[in-house]
Amino acid sequence: MKYSKCIRLILSIVILTACTGCWDYMEFESMALVRAIGIDIDNNGKFLLTCEIIRARKQDKEGGKSKEVVQGTGKTVPEAFGNLQTIVPQELFLGYATAVIISEDAAKQQLKNIMDYLFITPSIRESVFLVLTKEKPENILSMSVGKTGLLVGEALVDFFRVSTLVGVSFPVRLKEFNKMLMTEGIEPIAPLIKIYGDGNLKVSDMVVFKGYKLVGVLDGNESKGLGRIANKKLQEISSVSITIPDTGASVSGVFRLQDSKSKIKIKTGHEVPEVFISAKVNATMLQFGGNTGAITPEILHACEKDLEDKVKKEFEAVITKAQKEFKSDFLGIGLNFYQQHRKEWKVKFKPKWDEVFPEVPFHVNVKIKILNSGTKVIPLSEQ
């Protein structure tokens with residue numbers, strides 16, 4: 001009898017647990033879906049929040065998504081969101097957001113408060129993209145659907161995919177940015193979004209921080225170098241023009257560089273450590289022209305050498321920017337140092353890394369292999 005009561009009690013607990021609902025459940029029709037969030041500072045020094053929202057009940061005449069852009073201000077980010085909610089009759093649902101756009105002014109003045117709010121707000125997913133802009137976020141989010149072809153929050157996802165393909169930038173998610181803030185030996189970075197031409201959006205370049213301080217912006221080539229050091233899946237279209245020594249003929253080629261793999265080796269034993277970066281990159285020939293008649297192995301080797309020099313300059317450009325101008329280890333050299341020589345890092349270099357890093361010598365080696373060259377190649381044995 002005693003065991004029977006225990007079994008009934010256990011079964012009752014299991015059944016009651018299965019029947020419970022979600023404590024924060026909301027009907028879909030009662031929500032205003034936030035697709036993108038813009039954070040800025042207004043003329044009075046208050047937070048200015050701009051949200052691109054989709055009303056769950058509202059659709060345009062063609063049955064597509066109809067967006068609205070709403071704004072709220074406040075002395076703090078939560079207060080600004082609260083004031084914004086007062087003008088939207090449906091409850092704002094932040095879990096649908098794909099991107100957070102932070103203005104340069106907001107990043108310079110209030111980045112820590114912004115990141116604290118984004119980090120502790122459970123309804124904002126860690127997978128959202130974090131973007132910086134020199135524009136006003138409200139100007140970006142107010143762009144018509146016709147300009148982007150999609151809602152701005154959705155268009156940004158496609159922009160990041162394209163920018164990665166051409167190598168001028170790469171996406172950073174909220175989780176990654178927070179991790180860089182909290183991890184020793186690496187500083188945060190984030191992509192930059194611009195409005196150019198006839199009101200079009202462009203994602204390019206990378207913004208660099210030192211802790212919570214914005215220190216500068218990398219251009220396209222420097223961003224490519226950073227992407228290769230960080231082993232991002234970047235692609236780049238690069239052209240070469242060479243002169244064949246024996247004949248003096250000029251040839252040119254266009255190549256797609258991809259599948260870049262970099263290794264960082266830290267060598268200690270001296271007052272200042274040395275950094276050795278080796279990179280292997282595959283190249284695919286897209287176009288070739290010249291009065292050579294055929295592509296010989298010597299021509300391919302010359303093309304590889306020219307491409308190697310160009311990629312090496314990208315590495316050197318971003319290293320110089322990190323050490324001499326920004327003095328910020330956004331390259332993650334300190335993190336690699338910690339992973340390879342933990343004891344020496346903690347005892348000797350971590351306390352003074354800000355002073356040591358600008359003086360660290362770098363050695364860069366790039367190896368490029370052209371994988372395809374068509375049917376014009378004449379093997380050495382047939383020449």
Quiz item: For Leu174, what charge total do you get from the other residues with a beta carbon under 14 Å from its beta carbon, if Lys and Arg give +1 and Asp and Glu give -1?
Solution: +1
Exercise. Round to the nearest 0.05 the FRET efficiency obtained for Ser250 and Glu274 when R0 = 45 Å and r is the Cβ-Cβ distance.
Key: 0.70
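Run the numbers on the stretch 225-274 and let me know its relative contact order in percent, using alpha-carbon pairs under 8 Å that are six or more apart. Please list the in-between numbers first.
Details: 58 pairs, mean separation 17.6, N = 50.
Here the relative contact order equals 35 percent.
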Exercise. Please report the Cα spread of the stretch 122-248 along all three principal axes, rounded to whole Å, starting with the longest.
Key: 66, 43, 23
Exercise. For Lys310, go through the lysines and keep the ones whose alpha-carbon is under 20 Å away, minus same-chain ones fewer than eight residues off.
Key: Lys224, Lys232, Lys233, Lys261, Lys263, Lys280, Lys321, Lys367, Lys369
Practice problem: Quick one: accessible surface of Thr98, probe radius 1.4 Å, all protein chains present, in square angstrom to the nearest 10. | Solution: 20
Self-check item: Neighbourhood charge, 9 Å Cβ-Cβ cut-off, centred on Thr73 and excluding it, Lys, Arg +1 and Asp, Glu -1
Solution: 0
Practice problem: Quickly work out the Asp42-to-Ser144 label distance, labels modelled 7 Å from Cα along the C-beta direction, and quote it in nm with one decimal. | Solution: 2.7
Quiz item: What net charge is computed for the residues neighbouring Phe47, neighbours being all others with C-beta under 15 Å from the C-beta of Phe47, Lys and Arg scored +1, Asp and Glu -1?
Solution: -2
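The values are calculated or read from the model by the stated rules, or taken from the named source; none is laboratory data. Predicted, not measured: the structure shown is a model, and the values here were computed from it. Reconstructed Cβ throughout: ideal geometry from the backbone, glycine too, with neighbour counts over all protein chains shown. When the accessible area is computed, the model is the full protein with side chains, heavy atoms only, and any ligands, DNA or RNA have been set aside. Shrake-Rupley method; radii C 1.70, N 1.55, O 1.52, S 1.80 Å.
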